[in-house]
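Comments concern the structure below.
Just so it is clear, none of the values below were taken in a lab; they were calculated from the coordinates. All values reported here derive from a predicted model rather than from experimental measurement. No Cβ is skipped: glycine too gets one built from the backbone with ideal geometry, and neighbour counts run over all protein chains shown.
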């Protein structure tokens with residue numbers, strides 16, 4: 001599964017990167033974010049796009065896993 005790192009980026013950049021990566025990997029991907037705003041926005045986008053979402057918190061980052 002593809003993994004993209006959006007740490008240090010402010011919205012809407014993490015959502016835009018997620019959208020672009022899903023076009024290339026429609027089966028799913030992992031998105032790494034480092035703030036609650038990006039976590040919420042990426043999670044909402046993925047759920048609206050029909051993906052199952054799970055989130056793992058590790059130290060100062062969140063790993064959002066999206067699967068069809």
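Numbers below:
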{"quantity": "The stretch 19-43: number of residues that are farther than 14 Å from residue 62 by Cα and touching a helix residue (DSSP H, G or I) at 6+ places or on another chain (Cβ under 9 Å)", "calculated": "3"}
{"quantity": "Every residue from the stretch 6-53 that is touching a strand residue (DSSP E or B) at 6+ places or on another chain (Cβ under 7 Å) and surrounded by fewer than 11 Cβ atoms within 10 Å (Cβ to Cβ)", "calculated": "none"}
